[in-house]
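Trainee: Sharing a structure below in structure tokens format, with a few things to ask.
The values are calculated or read from the model by the stated rules, or taken from the named source; none is laboratory data. Remember, it's a predicted structure, so these values are computed and weren't measured experimentally. All Cβ positions, even for glycine, are placed from backbone atoms using ideal geometry, and neighbour counts span all protein chains on display.
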Amino acid sequence: MRVKSTALFGLSTVLFTLVAAAPVAHAAAGPTVRWAHSVDTDLGRITLGARSDSAITEIRTHLLSEATGEEFAVVSDFTLTAGTPDDGTWETATPVLLDRLGGYRVDVELTDADGDHVLAERAGGLAYFATALFDPLVVDRTTVDHANRHVTATGRLRSRHPGTREVTPLGGAAIWLDLPYPDFDWVDAVTAADGTFTADLDIKYAGRVQAFFQFDDNHPHVGYGESNPVQIAVRQSEVQVEARIDRAEIDRGGSVLVSGQVRWESPEGWRPRTNSAVAVTFETPTGGWRPIGSLTTDADGRFEVADAPERTGAYTATAVSHDPFVAQRNAKVDVRVFEPVSVPLFTATRVDTSTVAFTGRVDFAYDSPSPFSVDVEHSVDGQRWQRVATAGVSTHHNGGIEFYGRAPVGEPGSWRARFQETGRFRGAVSAVVVVG
């Protein structure tokens, strides 16, 4: 967007600064002018601030050429609008009528109730400039999409005379329209003789379009103006993301293949979104997060990536869109990861006719639960199993955790040890042993 001058809304103040390069000297007593310039919102009227040690009874301003000192008007119809008669703000009730637009030097005469009189030369400046006015800005569409990004904007620029208040077309004026781009781009246009203009806009982002005028070589005495903003919406083409996983449950240390397809609502209908970016991430229920891969879809819009998750969680595949006209969507797929467990060693020996002693070992590949127990089961026929004891846990030994115990069983049969699946730990069963 173009940089706007500070004169946009404080034109009269800026002119006053240029005219009154040196501050007005303040007398020890008697009238003193503090400022004098155009009313910012009504450049044809004069406002001034003054103070004295008694009420100010008369104000006369002289409007002169800064270059030649020629006087063009004397204005005295001031009304107190703020403060008190001895320290206040005055404004003219009606605009000044001058033959020519431009900047004028303002000299001020003040008289107070004590009869003190002062002439303050170069007390300020009158910005006798026309005001630029835009008719409502109109666009042929307020919503654009992937296939229709073009907008035509039309409007009209006029100017209002600071004295007569007459509004007339402003032809041949250079204007610009700000566009809703991140880099604040714009489109230039020139008004026709009747003040109308047309601009063709290529919209890239949702946002507002607005027309502006700020002086030009053809209209040096017409001040700043701006149109109403018009909001432009973007209707994004929808995107569908399908995500799959080859195994919903794995043991830790194993790998899964995450794959899927991206399709989008193209101008020709739903099509695979080829050569587009897909970001795959993994997140655990506790908030742990890591990136898996930045992928590019193939000619069929498909993608895949392998991973070895260490915890239960979910993969998210996001179809990344760098085009504001295409939506960004994602899909999730869950995976459950078990800690692998095995019971590589189990023995059972009869102690007497009614008791069997057993020992064994449980191995955990990574983590181990705490606490945990092992069920010892007995079967007469090798088909139907019954828990007959819960083994106590001993100490770590040879990479595993040993267990031992006794069971009050007199019948011969088959024996085995079972680690029940619990939480993220996979269940495991030992080899079967026979005890007579």
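Trainee: If I filter segment 320-339 for residues that are farther than 30 Å from residue 262 by Cβ and either of a type in the set (A, V, I, L, M, F, W, C) or under 60 Å from the mean Cα position of the chain (by Cα) (or both), do I get at least one hit?
Mentor: yes
Trainee: Can you find a residue in segment 424-435 that is under 58 Å from the mean Cα position of the chain (by Cα), modelled with pLDDT under 95 and loosely packed, with under 14 Cβ neighbours inside 10 Å?
Mentor: Yes: segment 424-435 contains one or more residues that are under 58 Å from the mean Cα position of the chain (by Cα), modelled with pLDDT under 95 and loosely packed, with under 14 Cβ neighbours inside 10 Å.
Trainee: Okay, moving on. Looking at segment 336-386, which of its residues are basic (Lys, Arg) and farther than 30 Å from residue 248 by Cα?
Mentor: Listed by number, the residues that qualify are 350, 384.
Trainee: With respect to residue 250, determine if the residue is under 31 Å from the mean Cα position of the chain (by Cα), of a type in the set (Val, Ile, Thr) and outside any loop (DSSP other than H, G, I, E, B).
Mentor: Criteria not met by residue 250.
Trainee: Being within 23 Å of residue 283 (Cα to Cα) and assigned to a loop (DSSP other than H, G, I, E, B) is the filter; apply it to segment 315-326 and report the residue that is modelled with the lowest pLDDT.
Mentor: 321
Trainee: Residue under question is residue 203, and the condition is that it be within 30 Å of residue 102 (Cβ to Cβ), surrounded by 16 or more Cβ atoms within 10 Å (Cβ to Cβ) and among the β-branched types (Val, Ile, Thr); does it hold?
Mentor: Spelling it out, it is not the case that residue 203 is within 30 Å of residue 102 (Cβ to Cβ), surrounded by 16 or more Cβ atoms within 10 Å (Cβ to Cβ) and among the β-branched types (Val, Ile, Thr).
Trainee: Shifting gears a bit: Could you please give the count of residues in segment 348-375 that are over 29 Å from residue 311 (Cα atoms) and surrounded by 16 or more Cβ atoms within 10 Å (Cβ to Cβ)?
Mentor: Matching residues across segment 348-375 total 4.
Trainee: Condition first: touching a residue at least 60 places away in the same chain (Cβ under 8 Å) and part of a strand (DSSP E or B). Can you find one or more residues in segment 266-289 that meet it?
Mentor: Taking every residue of segment 266-289 in turn, at least one turns out to be touching a residue at least 60 places away in the same chain (Cβ under 8 Å) and part of a strand (DSSP E or B).
Trainee: Given the conditions (1) at pLDDT 95 or above; (2) assigned to a strand (DSSP E or B), report the number of the one that residue 228 does not fulfil.
Mentor: For residue 228, the exception is condition (2).
Trainee: Keeping to segment 330-345, report how many residues are surrounded by 17 or more Cβ atoms within 10 Å (Cβ to Cβ) and of a type in the set (D, E, K, R).
Mentor: Count: 1.
Trainee: Of the residues that make up segment 54-67, is at least one without any contact (Cβ under 8 Å) to a residue 40 or more places away in the chain, assigned to a strand (DSSP E or B), under 15 Å from residue 119 (Cβ atoms) and in contact with a strand residue (DSSP E or B) (Cβ under 8 Å, 6 or more places away or on another chain)?
Mentor: No - not one qualifying residue is present in segment 54-67.
Trainee: Name, by its number, the condition in (1) under 60 Å from the mean Cα position of the chain (by Cα); (2) in contact (Cβ under 8 Å) with a residue 60 or more places away in the chain; (3) part of a strand (DSSP E or B) that does not hold for residue 366.
Mentor: Result: residue 366 passes all but (3).
Okay, residues lined up against (1) touching a residue at least 60 places away in the same chain (Cβ under 8 Å); (2) out of contact with any Ser or Thr (no Cβ under 6 Å at 6 or more places or on another chain); (3) of a type in the set (Val, Ile, Thr); (4) in the same structural domain as residue 326 (by TED's automatic domain parsing):
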{"site": "246", "(1), (2), (3), (4)": "no, yes, no, yes"}
{"site": "250", "(1), (2), (3), (4)": "yes, yes, yes, yes"}
{"site": "253", "(1), (2), (3), (4)": "yes, yes, no, yes"}
{"site": "258", "(1), (2), (3), (4)": "yes, yes, yes, yes"}
{"site": "261", "(1), (2), (3), (4)": "no, yes, no, yes"}
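Trainee: In segment 160-176, which residue that is assigned to a strand (DSSP E or B) and touching a residue at least 40 places away in the same chain (Cβ under 8 Å) is nearest to residue 127 (Cα to Cα)?
Mentor: Looking at residues that are assigned to a strand (DSSP E or B) and touching a residue at least 40 places away in the same chain (Cβ under 8 Å), I get 174.
Trainee: Can you tell me which residue among 141, 156, 165, 149 is at pLDDT below 95 and within 46 Å of the chain's Cα centre (by Cα)?
Mentor: After applying the criteria, what remains is 149.
Trainee: Still on this model: Given 348, 357, which one is at negative phi, small (Gly, Ala, Ser) and in contact with a Lys or Arg (Cβ under 7 Å, 6 or more places away or on another chain)?
Mentor: From the options 348, 357, the qualifying one is 357.
Trainee: Being in a strand (DSSP E or B) and touching a residue at least 40 places away in the same chain (Cβ under 8 Å) is the filter here; which residues of segment 190-215 pass it?
Mentor: 196, 197, 198, 199, 200, 201, 202, 209, 210, 211, 212, 213
Trainee: Ok, one more. Are there any strands (runs of 3 or more DSSP E) wholly within segment 86-157 with 2 or more residues that are buried (at least 23 other Cβ atoms within 10 Å of the Cβ) and out of contact with any Gly (no Cβ under 6 Å at 6 or more places or on another chain), and if so which?
Mentor: Output list reads 102-112, 117-128.
Trainee: For segment 253-272, which residues satisfy the criterion of being closer than 30 Å to residue 366 by Cβ and either more than 33 Å from the chain's Cα centre (by Cα) or aromatic (Phe, Trp, Tyr) (or both)?
Mentor: 253, 254, 255, 256, 257
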